[in-house]
1. List the number of the failed condition for LEU87; all other conditions in (1) among the aliphatic types (A, V, I, L, M); (2) under 27 Å from PHE168 (Cβ atoms); (3) touching a residue at least 40 places away in the same chain (Cβ under 8 Å) hold.
2. Report yes if some residue within region 274-284 is closer than 30 Å to VAL174 by Cα, surrounded by 15 or more Cβ atoms within 10 Å (Cβ to Cβ) and at pLDDT below 80; otherwise report no.
3. Could you list all residues from region 133-156 that are surrounded by 15 or more Cβ atoms within 10 Å (Cβ to Cβ), within 16 Å of ASP111 (Cα to Cα) and aliphatic (A, V, I, L, M)?
4. Across region 170-199, what is the total count of residues that are open to solvent by 30 Å² or more (accessible area, probe 1.4 Å) and either in a loop (DSSP other than H, G, I, E, B) or free of Cβ contacts under 8 Å to residues at least 60 places away in the same chain (or both)?
5. So is VAL76 aliphatic (A, V, I, L, M), buried (at least 21 other Cβ atoms within 10 Å of the Cβ) and assigned to a helix (DSSP H, G or I) or not?
6. How about region 94-114: which of its residues are open to solvent by less than 40 Å² (accessible area, probe 1.4 Å) and within 18 Å of LEU187 (Cβ to Cβ)?
7. Report the residue count in region 159-169 for those that are part of a helix (DSSP H, G or I) and open to solvent by 60 Å² or more (accessible area, probe 1.4 Å).
8. Under 6 Å by Cβ, and 6 or more places apart or on different chains, what pairs join a residue from region 57-80 that is at pLDDT 95 or above with one that is of a type in the set (Asp, Glu) and in a helix (DSSP H, G or I)?
Amino acid sequence: MGEDNETMITEFLLLGLSGKSEQEEVVFGMFLWMYLVTISGNLLIILAISCDPHLHTPMYFFLANLSTVDICFSSVTIPKALVNHVLGSKSISYTECMVQIYFFITFINMDGFLLSVMAYDRYVAICHPLHYTLMMRPRLCVLLVVISWVITNLHALLHTLLMVRLTFCSHNAVHHFFCDPYPILKLSCADTFINDLMVFTVGGVIFLTPFSCIVISYVYIFSNVLKMPSARGIKKALSTCGSHLTVVSLFYGAILGVYMRPSSSYSLQDTVATVIFTVVTPLVNPFIYSLRNRDMKGALRKTILRC
């Protein structure tokens with residue numbers, strides 16, 4: 001191996017979504033607008049739920065947590081890309097990159113766990129309405145969220161430590177707007193077999209467990225709904241799940257296409273797909289959950305009028 005290839009790198013270059021300067025200006029404007037809307041929209045959701053006693057229920061407790069995670073998730077990746085564009089720089093230090101990977105993995109998994117808990121909440125509400133208060137006790141709701149945080153942080157720590165052990169040589173250009181683990185793995189001049197193995201084993205379990213819970217919950221929900229005698233009852237039951245199903249489809253559809261295969265197969269199309277769950281999903285969540293929910297719209301209206 002040549003001498004230049006043995007030089008250890010101290011930073012990565014984030015090339016963004018496009019190499020053309022005029023397109024980068026458009027991307028910057030879009031990202032700035034989407035980030036501001038994401039933060040303000042999710043903050044409004046949190047404030048509305050906090051200020052309205054009628055929304056102090058398990059479903060809205062989980063929704064407030066999801067909005068909090070979405071704010072954090074967007075803030076892990078987008079601000080650095082915006083700052084780099086303003087400064088005319090593409091660099092991110094090795095330490096910053098590893099920190100970004102840690103929090104990226106934490107929040108993306110936390111989104112999945114919260115979506116699964118929300119699916120379980122809908123299952124209990126529709127299939128066991130008389131026992132809902134007993135089954136979804138406040139202590140259990142808090143415990144589910146705390147356990148989710150512990151699991152996702154430990155999972156992120158595992159993958160970050162495995163990433164830190166790798167050697168990165170002369171190639172440091174990342175064809176992305178943030179330190180996505182897969183493009184970073186492709187830059188390593190060390191063997192990444194253990195990393196890929198952990199992605200498919202531990203990562204697969206962490207990813208598929210909440211996804212399976214969502215699928216099983218909705219199988220029971222739909223089987224129960226089809227037994228309802230009135231069309232009105234069916235419509236009401238499905239309307240409570242519509243928003244959640246939309247978010248689940250958007251979130252998991254993009255992730256399945258990107259991360260459920262070896263890092264060596266990562267391509268430009270995957271880079272664009274990651275924008276869906278890193279930028280678009282946190283942006284549309286407040287609109288999806290508020291526009292199709294009468295209680296949420298009423299609480300948001302009160303919150304805005306107070307401001």
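1. Every listed condition holds for LEU87 apart from (3).
2. Of all residues in region 274-284, those closer than 30 Å to VAL174 by Cα come to 274-284.
Filter again for surrounded by 15 or more Cβ atoms within 10 Å (Cβ to Cβ), leaving 274-284.
Imposing the further condition that a residue be at pLDDT below 80 reduces the set to none.
Scanning region 274-284 turns up no residue that is closer than 30 Å to VAL174 by Cα, surrounded by 15 or more Cβ atoms within 10 Å (Cβ to Cβ) and at pLDDT below 80.
3. Those that are surrounded by 15 or more Cβ atoms within 10 Å (Cβ to Cβ), within 16 Å of ASP111 (Cα to Cα) and aliphatic (A, V, I, L, M): LEU144, VAL145, ILE151, ALA156.
4. 11
5. In short, yes.
6. Answer for region 94-114, where residues must be open to solvent by less than 40 Å² (accessible area, probe 1.4 Å) and within 18 Å of LEU187 (Cβ to Cβ): CYS97, MET98, GLN100, ILE101, PHE104, ILE105.
7. The initial filter retains those residues of region 159-169 that are part of a helix (DSSP H, G or I), namely 159-164.
Imposing the further condition that a residue be open to solvent by 60 Å² or more (accessible area, probe 1.4 Å) reduces the set to 161, 164.
Counting residues in region 159-169 that are part of a helix (DSSP H, G or I) and open to solvent by 60 Å² or more (accessible area, probe 1.4 Å) gives 2.
8. Sorted first by the residue in region 57-80, then by its partner, the pairs are VAL69/ASP111.
The values are calculated or read from the model by the stated rules, or taken from the named source; none is laboratory data. Values in this document were obtained by computation on a predicted structure and should not be read as measured data. Cβ: placed from backbone, ideal geometry, glycine included. Neighbour counts: every protein chain shown. We work out accessible area using only protein heavy atoms, side chains counted, and drop any ligands, DNA or RNA first. Shrake-Rupley method; radii C 1.70, N 1.55, O 1.52, S 1.80 Å.
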